[in-house]
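*Asks:* Let me give you the structure first, and then I'll get to my questions.
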Amino acid sequence: MTAEIIDGKAFAADVRGRVAEHVARLKEENGITPGLAVVLVGEDPASQVYVRSKGRLTVEVGMKSFEHRLPAETPEEELLALIERLNADPEVNGILVQLPLPKHLHEDLIINAIDPAKDVDGFHISNVGLLATGQKAMVPCTPLGCLMLLREQLGSLSGREAVVIGRSNIVGKPMAQLLLRDSCTVTIAHSRTRDIEEVVRRADIVVAAVGRPEMVTADWIKPGATVIDVGINRLAPEEEGGKGRLVGDVDFDGVKAVAGAITPVPGGVGPMTIACLLANTLTATCRAHALEEPEGLTA
Ligand code: GUN
């Protein structure tokens, strides 16, 4: 068996197209242009790349993009004051503070200062609680992107065995909540899970989000399972002769011989994250104006 390759790049372009259509309608019928503010503190190179592509794609779907770049040594009060201003600004419908933050800033304090209605990352404790209790929440972008790919691939997820590998607040935990909401039987596996291979081998759906290059191998996978690889790991250049190849948490070449479907790295989950950020910004805008929400772009 050779797995179907799930084309996240194409699906993300489709999602952005649907967002753009809805944004155009909002402008025409309601005179509203959604706005997304991205805050970057410091000069982390990977964060700079993400922020640049977020800004470009925000403008491409017809939204306003506000970028705030602050020096690494910015005092906490100054960052909190900026978030207060963005919370109060009617032109700003979504606020994203790029993580990780420099060490002297308290991530929880900063995230929880964002107005939950503008928290397009879905990291505020209110949104975490709303998601966990099955209420209307802002849903973290990467798990939302994975869910969209799974629904597109499998249709109904009801009754399926799902194993999420990784228990982070950004991916693992919200992913498990979303799968549970879609009536999967959900297991979260992590670094302390005993016989992890056997646990994963039960799964119809595997979501790998651990940040360990090519950890999930073919013998962990039930034949025909759907495998979603959230990992983006750059291998050391000396091993690869040059820049260092990007790989996921899944041994793609081995697993694709066993799985039913699999996302590649790059071109799988990655592009879906930004597409879902734009979808969330649109959703937040519609909710702020008590307008109908876009269909198929929320959980
Ligand atoms: N850094 C890496 N991924 C993310 C994300 O999804 N949101 C934010 N705010 N920062 C990140």
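*Asks:* In this structure, is A46 without any contact (Cβ under 8 Å) to a residue 24 or more places away in the chain, under 30 Å from G224 (Cβ atoms) and under 18 Å from the mean Cα position of the chain (by Cα)?
*Replies:* No.
*Asks:* Any residue in the stretch 124-144 that is out of contact with any helix residue (DSSP H, G or I) (no Cβ under 9 Å at 6 or more places or on another chain) and closer than 29 Å to N233 by Cβ?
*Replies:* No, the stretch 124-144 contains no residue that is out of contact with any helix residue (DSSP H, G or I) (no Cβ under 9 Å at 6 or more places or on another chain) and closer than 29 Å to N233 by Cβ.
*Asks:* Name the residue, out of I228, I274, I232, that is within 30 Å of E21 (Cβ to Cβ) and open to solvent by 50 Å² or more (accessible area, probe 1.4 Å).
*Replies:* The conditions single out I232.
*Asks:* If you don't mind, there's one more thing I want to ask. Right, E77: open to solvent by 10 Å² or more (accessible area, probe 1.4 Å), free of Cβ contacts under 8 Å to residues at least 12 places away in the same chain and either of a type in the set (D, E) or closer than 26 Å to M272 by Cα (or both) or not?
*Replies:* yes
*Asks:* What do you reckon, is K118 open to solvent by 50 Å² or more (accessible area, probe 1.4 Å) and in contact with a strand residue (DSSP E or B) (Cβ under 9 Å, 6 or more places away or on another chain)?
*Replies:* Judged against the criteria, K118 is not a match.
*Asks:* Out of (1) within 16 Å of the ligand (Cβ to nearest atom); (2) more than 19 Å from V19 (Cβ to Cβ), what's the single condition that is false for P75?
*Replies:* Status for P75: all satisfied but (1).
*Asks:* While we're here: If you check T142 against the conditions, is it more than 12 Å from the chain's Cα centre (by Cα), of a type in the set (S, T, N, Q), modelled with pLDDT of 95 or more and over 22 Å from G224 (Cβ atoms)?
*Replies:* For T142, the condition - more than 12 Å from the chain's Cα centre (by Cα), of a type in the set (S, T, N, Q), modelled with pLDDT of 95 or more and over 22 Å from G224 (Cβ atoms) - is not met.
*Asks:* Mind listing just one residue for me: the one in the stretch 91-120 that is more than 11 Å from the ligand (Cβ to nearest atom) and closer than 20 Å to P71 by Cα and, of those, nearest to the chain's Cα centre (by Cα)?
*Replies:* Selected residue: D108.
*Asks:* May I pose another question? Which pairs have Cβ atoms under 6 Å, sit 6 or more apart or on different chains, and link a residue in the stretch 140-163 that is more than 16 Å from the ligand (Cβ to nearest atom) to one that is part of a loop (DSSP other than H, G, I, E, B) and of a type in the set (S, T, Y)?
*Replies:* S158/S183
*Asks:* Okay, moving on. Got a sec? Which helices (runs of 4 or more DSSP H) wholly within the stretch 205-299 have at least 1 residues that are within 16 Å of the ligand (Cβ to nearest atom) and touching a residue at least 12 places away in the same chain (Cβ under 8 Å)?
*Replies:* 269-288
*Asks:* Within the stretch 41-57, how many residues are farther than 17 Å from C141 by Cβ, surrounded by fewer than 17 Cβ atoms within 10 Å (Cβ to Cβ) and not charged (D, E, K, R)?
*Replies:* 2
*Asks:* If you don't mind, there's one more thing I want to ask. Quick one: L180 ticks every box in (1) touching a residue at least 24 places away in the same chain (Cβ under 8 Å); (2) closer than 27 Å to N280 by Cβ; (3) open to solvent by 70 Å² or more (accessible area, probe 1.4 Å) except a single one, so which number is it?
*Replies:* Every condition holds for L180 apart from (1).
*Asks:* Here's a follow-up. Hey, could you check the stretch 164-177 for residues that are open to solvent by less than 20 Å² (accessible area, probe 1.4 Å) and touching a residue at least 24 places away in the same chain (Cβ under 8 Å) and say which is nearest to the ligand (Cβ to nearest atom)?
*Replies:* V171
The values are calculated or read from the model by the stated rules, or taken from the named source; none is laboratory data. What you see is a predicted model; the values in this text were computed from it and never measured. Using ideal geometry, Cβ is built from the backbone for each residue, glycine included, and neighbour counts are taken over all protein chains shown. Note: areas computed on protein heavy atoms with side chains; ligands, DNA, RNA excluded. Shrake-Rupley method; radii C 1.70, N 1.55, O 1.52, S 1.80 Å.
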